[in-house]
Amino acid sequence: MAVRDFATRRTRRLLVPLIISGVAVVGILAGLLFTGVDLARFERAQGLMPSPSAEQHARYQPLARAEWRIVRANLEARLRQTNPLELGAVWSTRTGQICGLVNGRGSFGGLTAMTRFYTVDQRPVFHQDAEHVLFQRNWFECRRDQYVMLHAGTEEPGFCGTALGKRRCYHVRNGVREP
């Protein structure tokens with residue numbers, strides 16, 4: 001009986017499967033490269049807008065403060081406050097829109113916690129006033145364009161952003177609870 005040595009036998013490989021595999025690998029790599037470039041472009045477009053120069057800040061700050069006085073009066077009238085408003089961060093965008101956070105009293109007299117707002121025609125718009133996706137889109141645009149800061153304060157919404165919340169909430173960093 002003859003023993004066949006399979007290692008010495010030459011087989012002819014077909015080039016078609018090899019070419020198809022090569023094209024598939026190149027296509028996948030090109031797709032990954034395009035995805036990475038597109039993601040980097042998207043992230044750059046969604047990032048924070050640059051701060052104003054000193055000249056721009058000096059020019060727009062008085063205009064923004066005048067707009068804020070009107071918006072603040074509308075905000076106080078809307079929230080029917082007897083006490084002064086507890087404000088978080090409030091700023092003006094490049095388009096003159098005022099955005100920020102306020103801790104006001106609700107219709108039943110209880111504090112509502114730090115609530116986000118932005119303005120349309122000098123009137124404050126809260127989350128419950130607008131459709132969810134529309135409010136989130138407009139708020140995102142506000143957050144990325146903090147052109148002139150009108151009131152320094154917290155940018156954290158909810159109870160922990162309030163003065164009372166700062167005394168009662170804890171921050172956790174690296175697994176350690178900090179007061």
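Here are the numbers:
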read-out: Of the trypsin sites (Lys or Arg not before Pro) in the stretch 33-122, those whose Cβ has at most 15 other Cβ within 10 Å and which sit in DSSP loop; value: R80, R94
read-out: log₁₀ of I(q)/I(0) at q = 0.11, 0.14, 0.19 Å⁻¹ - the stretch 62-166, Debye sum with one point per alpha carbon; value: -0.29, -0.49, -0.93
read-out: Label point distance in nm, L32-H127, each placed 7 Å from Cα along Cα→Cβ; value: 3.9
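The numbers here are math on the coordinates, done by the rules we state, and not lab data. Remember, it's a predicted structure, so these values are computed and weren't measured experimentally. All Cβ positions, even for glycine, are placed from backbone atoms using ideal geometry, and neighbour counts span all protein chains on display.
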